[in-house]
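Worksheet: one structure, shown below.
Bear in mind that the values in this text are calculations on the coordinates, not laboratory data. Remember, it's a predicted structure, so these values are computed and weren't measured experimentally. Here Cβ is always computed from backbone atoms with ideal geometry, including for glycine, and neighbour counts include all displayed protein chains.
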Amino acid sequence: MQLGKRWAVGADVPADLPPVVASAIRDVEAELRADAVPVESWAWTLTWLERRPVVELDDGTVVTYNSAEDTATVRQDTDTGENDDY
């Protein structure tokens, strides 16, 4: 069993995340900074679903991992079906 974690936006991502997921998280954070979104109190929540990481930001942004393809997908609750794949 893997335990989840929670960390602040801008802090180091957990070392046990696949590199492609860590990269997607850093890209989301860079986009938030570029848009001047006030994220000082926001945090990421990591949970493991069938040994795959699912990472959710306080605003509803979710990063999921496809281990078969070694890709990460970023989606938001407000998405209309369009995803950013890494």
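Structure summary
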{"item": "In Hz, Karplus ³J(HN,Hα) per residue of segment 8-23 (6.51, -1.76, 1.60; θ = phi - 60°; x = Gly, Pro)", "result": "6, 4, x, 7, 4, 6, x, 5, 7, 7, x, x, 5, 6, 4, 5"}
{"item": "Stokes-Einstein D (µm²/s) once Rh is taken as the Kirkwood radius of segment 10-59 over alpha-carbon pairs, at 25 °C in 0.890 mPa s", "result": "211"}
{"item": "The chain - charge dipole about Cα centre, Lys and Arg +1 at Cβ, Asp and Glu -1, debye rounded to 20", "result": "400"}
{"item": "Segment residue 75-residue 42, length gained on full extension (0.36 nm per residue, minus Cα span)", "result": "10.2 nm"}
{"item": "Semi-axes of the equivalent ellipsoid for the chain, Cα gyration tensor, largest first, Å", "result": "19, 16, 12"}
